[in-house]
1. Ordered by residue, what ³J(HN,Hα) values in Hz, to whole numbers, does segment 368-379 give under the Karplus form 6.51 cos²θ - 1.76 cosθ + 1.60, where θ = phi - 60° and Gly and Pro are x?
2. Taking a ≥ b ≥ c as the square roots of the Cα gyration tensor eigenvalues, with a/c under 1.5 meaning rounded and otherwise prolate when a/b beats b/c, else oblate, which class fits segment 209-365?
3. Which order do PHE270, PHE41, PHE19, PHE231 take by accessible area at a 1.4 Å probe, largest first?
4. Note the listed values (i) 19.6; (ii) 21.5; (iii) 24.6, then indicate which one is mean projected area of the Cα convex hull in nm² calculated from this particular structure.
5. Determine the per residue accessible area of segment 172-232 with all protein chains present and a 1.4 angstrom probe, expressed in square angstrom.
6. Going by a ≥ b ≥ c, the root eigenvalues of the Cα gyration tensor, does segment 6-85 fall in the rounded group (a/c under 1.5), the prolate group (a/b larger than b/c) or the oblate group?
7. Sum -39500 (n - 2.57) across every DSSP H segment of at least 4 residues in the chain, then divide by the residue count to get the 222 nm mean residue ellipticity, nearest 500.
8. Given H placed on each backbone N at 1.01 Å, which residues far from GLY271 in sequence or on other chains put an amide H within less than 5 Å of it?
Amino acid sequence: MKSARLNAVGLLGGILVGFSLAVLLGYQASTYSKPSRFVRFNQWINPQSVFFPPFRMLEHLALSRWQPGQTVVIIAGNSIFNGVSQPVSEIWSQRLQEILGPEKYVVVNLSFSGGYPTEAGTLVAESLIRRGIPVLVVCNVATGVPGRPVGSVYGYYYWEGRAQSALLPYPPRDLDTELWESNRPEEDRRKQAELRRAAALNKYLYFQELWHHVGLNLFFTVWNFLPQEQFWRPRNDWPDPEVAPKPVELRFRSNLAEEMDIVRRGSREFGVQDEQGRWHMSPSFRDTFASTIHALIPPAVRPHLLMVLCQNAPYYRSRLTPEEQDRDRIIWEATAALWREQGIASFVNGADYEDADYNDRTHLTPSGGRKLAIRVAEEIRRMQSATNPTP
């Protein structure tokens, strides 16, 4: 009997020691673990392949490259800014770093395929703002309003950042999140509750940091259809898979009708005509836009944001009727003006690009990426000059 008790105590003690060691290792990983030779979150180190980089990992990627005297330029947004269609050696964010130079700026690409401007990198920027670190965030958007920081595959960043007190206090965003969640189906509400609990536990237990550190450097434990046969290989061993774009003559031939419908919707849904037939932004959309920005983006963050409206490829825009082209131009420019009215820098990009600058309707080739980097660098310097005028 005594031997059984001793065995039970020994087993319990071993479990507690092992658990405590795992928490300690996770804590240590949270202070240094990040993808090696990082340029962007390619498909091996993002949720496409069941790799969900924790909030602290994104935070560390930015902090590890920053030095006093520099401004951190965080690239947020979706696959366009992630550099899909650009090999890693020709990605536009690297060109941006070269143009800006390393003395005053450090560029970190924290964008994800399908990401919204209210998620991931923008939330990490809030963490840097709280720390007093100079930061600018460059996001790509289209017409319409930005998505919420919760509800998508990257919604866990909001819950993790909130649990870790990394985000700026902003009651309107909290209220909007609560109202959105209360109107969702029961399954969605359960999912959000689970994300909240996981974030609250991970604040103290660091299990996300430990698991992702192991997956990066030692072995991966979850099968996925992308790696398939060698899914267990550490993700740092997988090279960035993005390849050079197709020849121009092969780029725009598929799904023309569907793509044209998307192009038309980008202005049709938000524009109205007056009695003279001139196009204007819909008043109801203007109100929706203003209320959405108020609810989702803290005022303290807005001066740090640059929203780039990325136009569709000219191959598609040139196939619009003259009236549709006029509407398209007016609504895209009007949307950029709406961002500026909310205190957020914005411009329309791509209006003068060529077919060779696009690999499909939205994604830029290396030549398009170079043009984007030049224009973004100009705007960043303008923003910095406005914030810190020369005496």
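1. x, x, 5, 5, 4, 4, 4, 5, 5, 4, 4, 5
2. Note, shape of segment 209-365 comes out oblate.
3. Output order, biggest surface exposure first: PHE19, PHE231, PHE270, PHE41.
4. Only one listed value fits the structure, namely (iii).
5. I get 65 Å² per residue for this part.
6. Oblate shape, in that a/c is at least 1.5 and b/c is the bigger or equal ratio.
7. My calculation for the chain gives -15500 deg cm²/dmol from helical runs alone.
8. SER282
The values are calculated or read from the model by the stated rules, or taken from the named source; none is laboratory data. This is a predicted model, so every value here is computed, not measured. Every residue, glycine as well, gets a Cβ built from its backbone with ideal geometry; the counts of neighbours run over all protein chains shown. What goes into the accessible areas is simple: the full protein's heavy atoms, side chains included, and nothing from ligands, DNA or RNA. Shrake-Rupley method; radii C 1.70, N 1.55, O 1.52, S 1.80 Å.
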